[in-house]
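Peer 1: Handing you a structure now.
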Amino acid sequence: TNVPQSLFNTERYDTDRRLPNLLWQFPLRAKTKVKVQLYFAEIYALIDAAGKRVFDVSVEGAIPSNMDNIDQFAFAGPNRGFMLRTYVRVKEDGVLD
């Protein structure tokens with residue numbers, strides 16, 4: 001897949017651990033099977049070693065095994081992008097979370 005490098009020049013992060021985590025929601029037909037591809041890169045200069053930022057991604061209320069304890073620096077090093085993919089069926093609410 002050709003992914004524009006500019007995709008990896010911006011970041012989203014949670015600055016307040018007391019607030020809910022980052023959340024994206026997409027309306028889709030219930031029970032639709034979808035492929036979810038997420039693109040990552042550790043571009044924050046103060047993250048200069050593995051283990052400094054580790055997080056999980058939940059898709060439809062479950063953490064896929066390849067999205068548990070994601071350590072972007074350990075996976076790809078600094079300023080290098082990578083993609084993780086999972087397949088999931090949209091729940092009855094018709095919203096992919």
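Peer 1: So if we plug the beta-carbon distance of Asn79 and Val54 into 1/(1 + (r/R0)^6) with R0 = 22 Å, what FRET efficiency do we get, rounded to 0.05? Could you put the intermediate results ahead of the total?
Peer 2: Values: r = 18 Å, r/R0 = 0.82.
The computed FRET efficiency comes out at 0.75.
Peer 1: For Glu60, Glu11, give the ranking by accessible area with the largest first, probe 1.4 Å.
Peer 2: Values: Glu60 15, Glu11 75 Å².
Descending order: Glu11, Glu60.
Peer 1: Ignoring everything except DSSP H segments at least 4 long, calculate the 222 nm mean residue ellipticity for the chain; use -39,500 (n - 2.57) per segment, divide by total residues, nearest 500. It would help to have the intermediate numbers written out before the result.
Peer 2: Values: 1 runs with 5 residues, N = 97.
It comes out at -1000 deg cm²/dmol, rounded to the nearest 500.
Peer 1: Would you kindly calculate the mean projected area, averaged across all directions, of the convex hull enclosing the Cα atoms of the chain, in square nanometres? Intermediate values should be presented prior to the final figure.
Peer 2: Values: hull surface 28.2 nm².
If I average the Cα hull's projected area over directions, I get 7.1 nm².
Peer 1: Same structure again: Rounded to the nearest 0.05, what FRET efficiency is calculated for Asp71 and Asp93 with R0 set to 30 Å and r the Cβ-Cβ distance?
Peer 2: Efficiency at R0 = 30 Å is approximately 0.45.
Peer 1: Starting from the residue with the highest accessible area, list Thr86, Thr10 in decreasing order, probe 1.4 Å.
Peer 2: Values: Thr86 20, Thr10 85 Å².
Correct descending sequence by accessible area is Thr10, Thr86.
Peer 1: Using a 10 Å Cβ count of at most 14 others and DSSP loop calls, identify the longest part of the chain lacking such chymotrypsin sites (Phe, Trp or Tyr not before Pro). Write out the running numbers ahead of the final one.
Peer 2: Working: sites that count: Tyr13, Trp24.
The answer is 25-97.
Peer 1: Of Arg85, Arg12, Arg29, which is the most mobile in a GNM of the chain whose springs link Cα atoms less than 10 angstrom apart?
Peer 2: Of Arg85, Arg12, Arg29, the Gaussian network model singles out Arg12 as fluctuating most.
Peer 1: If you roll a 1.4 Å probe over the heavy atoms of the protein chains, what accessible area per residue do you get for the chain, in Å²?
Peer 2: Values: 7260 Å² over 97 residues.
Result: 75 Å² of accessible area for each residue.
The values are calculated or read from the model by the stated rules, or taken from the named source; none is laboratory data. This is a predicted model, so every value here is computed, not measured. As a convention, Cβ positions derive from the backbone with ideal geometry for all residues, glycine included, and neighbour counts pool all protein chains shown. To get the accessible areas, we keep the full protein, side chains included, count just its heavy atoms, and leave off ligands, DNA and RNA. Shrake-Rupley method; radii C 1.70, N 1.55, O 1.52, S 1.80 Å.
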